[in-house]
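The values are calculated or read from the model by the stated rules, or taken from the named source; none is laboratory data. Being a predicted model, the structure only gives us computed values, none of them experimental. Quick reminder, even Gly has a Cβ in these numbers, built from the backbone with ideal geometry, and neighbours come from all protein chains shown.
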Amino acid sequence: MTILANAADVLRCFNPARLELTLTDVVAILGTPKSSTSRLLRAMRDAGLLELAPASRRYRPGILLFELGQTYRRASTLLARADDAVARLSARFGHTSYVSVLDGADVVGVAHHEGTSALRVGTPIGRRLAGFASATGRALLARKTDAEVRALHPQSLSPVHPASPADIDALLAALAVVRRDGFATSHDEANAGIGALAVAVGERQTGEDVALCLVYPLATVSEAEREAMLNAMLAEAAEIATLVDDPLGIPRISNRKAA
């Protein structure tokens, strides 16, 4: 199990800002001995988990991981339905859309559709965001109990933007609003000048939860368009929730605007 855990630690070294890594890079990130790390990287390469980039001879994730990622997306009925839903939202409104999941206290995008509008915004797939500091994260966290949310945040919060909850009590208050309204919003928070609308749904049989999200430039989207996007997203989420028997019920439109 230690070998598997070490291999997982290596894979976590890669992210959208670190697509390729040398042995020295991995050693510096993980603080592990060079000799054992070298053996591990070679073993991961031989197993198909890593490969050497032809031009740079640096390590990068192997094709096996891509194939498994595609399998993961196809194996989840909930994820497949959510992916179809956000694709329709992007096609209708021209803004980039995402399907995201929680991994611990972080939110990770697992599928996306780039918008068609002249001014497009978005975050790379696979990039981790603090769940408490994003619309998608708060939509997903709101499906948990306050006790579960506290357990995910044993340390004090470290917001990087004034719009994010400053502490756990502020986060729980924000989640109460999400539960009441059925959706989460973000304004100029995870990315400067960007707004986001997110709705989460879950499948009773598997226990999976996903968030549907649209991101858009705050400067060019009117309140009327935001309301139209919210209503369309809630309608998509309601259809999914009905089909997968969401244990928290069907998302509904509240009287609160997506301001």
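Can you tell me which of (1) more than 18 Å from the chain's Cα centre (by Cα); (2) of a type in the set (A, V, I, L, M, F, W, C); (3) more than 25 Å from H95 (Cα to Cα) is the one L152 doesn't meet?
Only one criterion in (1) more than 18 Å from the chain's Cα centre (by Cα); (2) of a type in the set (A, V, I, L, M, F, W, C); (3) more than 25 Å from H95 (Cα to Cα) is unmet by L152, namely (1).
Which of the numbered conditions does E227 fail, given that it passes all the others? Conditions: (1) more than 19 Å from the chain's Cα centre (by Cα); (2) in contact (Cβ under 8 Å) with a residue 24 or more places away in the chain; (3) closer than 20 Å to D83 by Cα.
The number of the failed condition is (3).
Kindly indicate whether any position in region 142-157 is touching a residue at least 60 places away in the same chain (Cβ under 8 Å) and within 21 Å of T242 (Cβ to Cβ).
Yes, region 142-157 has at least one match.
Just wondering, is there one or more residues in region 72-91 that are surrounded by fewer than 14 Cβ atoms within 10 Å (Cβ to Cβ), among the hydrophobic types (A, V, I, L, M, F, W, C) and at pLDDT below 85?
There is at least one residue in region 72-91 that is surrounded by fewer than 14 Cβ atoms within 10 Å (Cβ to Cβ), among the hydrophobic types (A, V, I, L, M, F, W, C) and at pLDDT below 85.
Would you check which residues across region 131-169 are out of contact with any helix residue (DSSP H, G or I) (no Cβ under 8 Å at 6 or more places or on another chain), surrounded by 13 or more Cβ atoms within 10 Å (Cβ to Cβ) and among the polar types (S, T, N, Q) and list them?
Passing the criteria: S134, T136.
Report whether or not T37 is surrounded by 15 or more Cβ atoms within 10 Å (Cβ to Cβ), at pLDDT 80 or above and over 14 Å from D25 (Cβ atoms).
Judged against the criteria, T37 is not a match.
Restricting to region 207-228, give me the number of residues that are surrounded by fewer than 21 Cβ atoms within 10 Å (Cβ to Cβ) and out of contact with any Pro (no Cβ under 9 Å at 6 or more places or on another chain).
Just the residues of region 207-228 that are surrounded by fewer than 21 Cβ atoms within 10 Å (Cβ to Cβ), to begin with: 207-208, 217-228.
Applying the additional criterion that residues be out of contact with any Pro (no Cβ under 9 Å at 6 or more places or on another chain) yields 208, 217-228.
Counting residues in region 207-228 that are surrounded by fewer than 21 Cβ atoms within 10 Å (Cβ to Cβ) and out of contact with any Pro (no Cβ under 9 Å at 6 or more places or on another chain) gives 13.
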